[in-house]
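Chemist: Please see the structure below; I have some questions.
Nothing in this text is a laboratory measurement; each read-out follows from the coordinates by a stated rule. Because the structure is a prediction, the values reported are computed rather than measured. Please note: Cβ atoms are built from the backbone with ideal geometry, for glycine as well, and neighbour counts cover all protein chains shown.
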Amino acid sequence: MKIRDIMTLDPITLRPDQTVGEAAIIFMENKIDGAPVVNENGELIGLFTKSHVYRVVNGDRDFDRLVSQMMSTELRTGRPEDEFSDVVNSTLPRLPVVNEHGLVVGMCTRGDIAKAFFDSYQNISLELDVIINSAHNVIVSIDQNGLIRVWNRAAERNFGEKATDVIGQRIQDILPESDMTNVIHTGIAEPLKKVELKNQQFLSNRSPIIKEGEIVGVVAVLMDISELESVSRELQRFKELNRELDAIIDSSFDGLYITDGAGLTLRLNKAYERITGISADEFIGKNVAAIESEGIVSESVTARVLEKRHPVTISQEMRTGKKTLATGNPVFDEVGNIFRVVSNIRDITELNALKQKLEEIEGLSQHYETQLRTLKLIYAGSDNIVTTSNRMKSLLSTVIRLAQYDSTILITGESGTGKELVAEVIHNNSTRRNQPFIKVNCGAIPETLLESELFGYDYGAFTGAKKEGKPGYFQLASGGTLFLDEIGDLPYNLQVKLLRVLQNKEITRVGGTKPIQIDARIVTGTNQNLLELVEKKLFREDLYYRLNVVPINVPPLRDRIEDIPPLVAHFTKLYNRKHKLNRSFDPDVIDVFMGYNWPGNVRELENLIERLIVVSTKNLMTTEDLPAFLVHSPPVNAEVMVSGIIPLQDAVENGEKQILQQAYQKYRTTRQMATVLKVDASTVVRKAAKYGISHSKNL
């Protein structure tokens, strides 16, 4: 916006020879608070305002004083073509506007600016209302209290409620099925969510409205999808057919090359690029005759097929030097014309390496078979990770976020906390999730075999080695993730080789001399304090810092006792199904579990539940069925001791701790303790966790 759009045209002016009294009369008659002062040529020479008049009134009251004696001469002026933003940024209450000759053509005051702002706001507001009400889709917005703020005409049509009736109402009162307030609580956008409102199906996009870092509301855009469902199903069917065709073509080990009836290249698969070493961009859209003339291919099998109209097999040499065997087959339409030519090629050099490749695949298959049997035995029918605690949810959220990046991750935690499952979550949520996930326990493989298992070996590396050699886990995990559990048990001499893998992304097989490039993400885990091992010279310091790029610590079960009830329910269901039983636990048993220290963590809890399920003869297990170490308690000392004068807060905490210790000694369940202490059971659990109190620590 220009200054000319807001300024007052032809403003009242003063002459320098007019008196202050005359100027005051002009100000009162015209209801203005200032005027530019011009000379006989109309050129701006000063600015005289009410402030000057007030100065005379409060001073010597000499109203015959000339305007020229008091006017302001150091002026900031504007031009009609100047931007409005220049006026907004100005701190002056008035801005004379002059043309290129210095003649006054207008006056811009704060009132003009305020009016311009108001008019602009009204125009934007009206334009926004028109846009929102012109939208075909339903637009609904609520504030942070769940009150409706926007309800466009599409919403009126679809829901039968006028905007004037619903604005300011609670969204749950107007649309009881809506859960828009969830977005306020979570702060997470919900795109493409299918919802049903007033018996209508909508596709909803919900986003939080954030102002100055705080969520102040939610806006939802709804599209009626009842008419689109049939089209969507049909489109989905064609997409599936197209994906199936792509999968068939790309799954072929041989290279496939397809042209139309004129020899124009339509598509080729990834195997063709791999075999020839030439990008698809150099073929797609080109005629085979041009490809042959450019020397990309020594001889085109497609051109021979179009010429002879029957299958042709020839030898080809690519520009990259690759020699291939190509077979072209014509595809005829219903009138006998060739409308497609499908050619397949094989790299003769790859046939020689096929046996070794099959050996790698066989080794990978065997590894997966072993891992799947283990997972099926322990976690059949489960989601593997069961949690309700905020600490674990926060951990999993961090893990899923880190999974998107290829940084090296070190997972620490006590034995039995689920480090391997966290590594699996990292792999399944990474860009490598469709590639191999190899898990290796460095402490479970004999030191004499560990090097060959990790790095593989060449022929003659040692007595009994296979003639064709064997790939190691680093090669088998190429493109995917390799989880090295119990990394603290890795022999010192192999730590150097692992450091080289992390730094150079290459390995050397046992007995080999040629480096092999590998592309595997390395995730490690340990229940040991690696820094202490470094200080004891049992673990390389440089390797420790190379592994500890992104550390993740899995908390022990005693630090997340709220996970115990869902874990008990999960393992009970798992082993009931496995052993065809119908066992359950009394709530008091759960209280005992939550008061135990669980040094063996989740693995100990799982093993105990399976033992109780298969050993017990009753369907409902009570505290009487628990092992003695869980329920045995020594005599109680009812006296609470405080020695000396200490801060009052410390005394309160000391007293709380002693009372809880005595309660844990006397009672077996948190429910019993809560009854005696007259608090909620959750308070007992929280306070006990704060002071590190459990049944195991009071035995």
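Chemist: Cα to Cα, under 30 Å, and not fewer than 8 places away if on the same chain: which lysines meet these conditions relative to Lys270?
Modeler: Partners within reach: Lys239, Lys286, Lys308, Lys322, Lys323, Lys355, Lys357, Lys439, Lys470, Lys505, Lys514.
Chemist: Also, I was wondering about something else. In nm, what is the difference between 0.36 nm times the number of residues separating Leu581 and Val216 and their Cα-Cα distance? Don't skip to the end; give the middle numbers.
Modeler: Working: separation 365, 0.36 × 365 = 131.40 nm, distance 5.21 nm.
The span from Leu581 to Val216 would gain 126.2 nm if fully extended.
Chemist: Let me ask something additional. Give me the net charge for the shell around Ser72: Cβ to Cβ below 14 angstrom, other residues only, Lys and Arg +1, Asp and Glu -1. Display every interim value, and only then the final one.
Modeler: Details: positive: Lys50, Arg55, Arg76, Arg94; negative: Asp33, Glu74.
Computed value for this residue: +2.
Chemist: Something else: Helix 110-134 sits at what angle to the longest principal axis of the chain, using alpha carbons and giving 0 to 90 degrees rounded to 10?
Modeler: 40
Chemist: Okay, moving on. Which of the lysines could a cross-linker bridge to Lys31, judged by Cα under 19 Å and excluding same-chain residues fewer than eight apart?
Modeler: In chain and number order, the partners are Lys50, Lys115.
Chemist: Also, quick follow-up: Specify the angular offset, from 0 to 90 degrees and rounded to the nearest 10, of the alpha carbon long axis of helix 564-579 from the longest principal axis of the alpha carbons in the chain.
Modeler: 40
Chemist: OK, next. So, by mean Cβ neighbours within 10 angstrom, what's the order for 592-602, 535-545, 435-445 with the highest one leading? Provide the component values of the computation, followed by the final result.
Modeler: On the way: 592-602: 21.2, 535-545: 14.5, 435-445: 18.3.
Ranked by mean Cβ neighbours within 10 Å, highest first: 592-602, 435-445, 535-545.
Chemist: If you don't mind, there's one more thing I want to ask. Counting DSSP beta bridges with both partners in the chain, what percentage is antiparallel, nearest 5?
Modeler: Values: 71 of 93 bridges.
Taking every DSSP beta bridge within the chain, about 75 percent pair in antiparallel fashion.
Chemist: Additional query: Put a dot 7 Å past each Cα toward the Cβ at Val615 and Leu502; how far apart are the dots in nm?
Modeler: 4.3
Chemist: Give the lysines whose C-alpha is closer than 26 Å to that of Lys580, dropping any in the same chain fewer than 8 places away, or say none.
Modeler: Lys376, Lys618
Chemist: If you don't mind, there's one more thing I want to ask. Rounded to the nearest 0.05, what FRET efficiency do Tyr121 and Ile188 give with R0 = 30 Å and r taken as the Cβ-Cβ distance? Could you check? Could the numbers behind the result be given before it?
Modeler: Working: r = 32 Å, r/R0 = 1.08.
Once the sixth-power term is evaluated, E becomes 0.40.
Chemist: Among bridges DSSP assigns within region 380-555, what percent are antiparallel (round to 5)?
Modeler: On the way: 3 of 21 bridges.
Within region 380-555, antiparallel bridges account for around 15 percent of the total.
Chemist: Compute the signed sum of charges (Lys and Arg +1, Asp and Glu -1) over the other residues within less than 12 Å, Cβ to Cβ, of Lys270.
Modeler: So the surrounding residues net to -2.
Chemist: While we're looking at this one, here's another question. Quick one: Karplus J couplings for region 191-199, per residue in order, coefficients 6.51, -1.76, 1.60, θ = phi - 60°, nearest Hz, x for Gly and Pro?
Modeler: Values per residue, Gly and Pro as x: x, 6, 9, 7, 10, 10, 10, 6, 6 Hz.
Chemist: With axes computed from alpha carbons, what is the tilt in degrees of helix 419-428 against the longest principal axis of the chain, rounded to the nearest 10 within 0 to 90?
Modeler: The answer is roughly 60 degrees.
Chemist: Continuing with the same structure: In what sequence, highest mean first, do 48-58, 308-318, 249-259, 331-341 appear when ranked by Cβ atoms within 10 angstrom?
Modeler: On the way: 48-58: 15.9, 308-318: 14.3, 249-259: 17.5, 331-341: 12.5.
Result, highest mean first: 249-259, 48-58, 308-318, 331-341.
Chemist: How long are the semi-axes of the ellipsoid equivalent to region 234-352, from square roots of 5 times the Cα gyration tensor eigenvalues, in whole Å, largest first? Provide the component values of the computation, followed by the final result.
Modeler: On the way: eigenvalues 103, 71, 35 Å².
Over the Cα atoms of region 234-352, the ellipsoid semi-axes are 23, 19, 13 Å.
Chemist: Ok, one more. Mind computing the radius of gyration and Dmax over the alpha-carbon atoms of the chain? Å is fine for both.
Modeler: Using the Cα atoms of the chain, the pair Rg, Dmax is 40.6, 121 Å.
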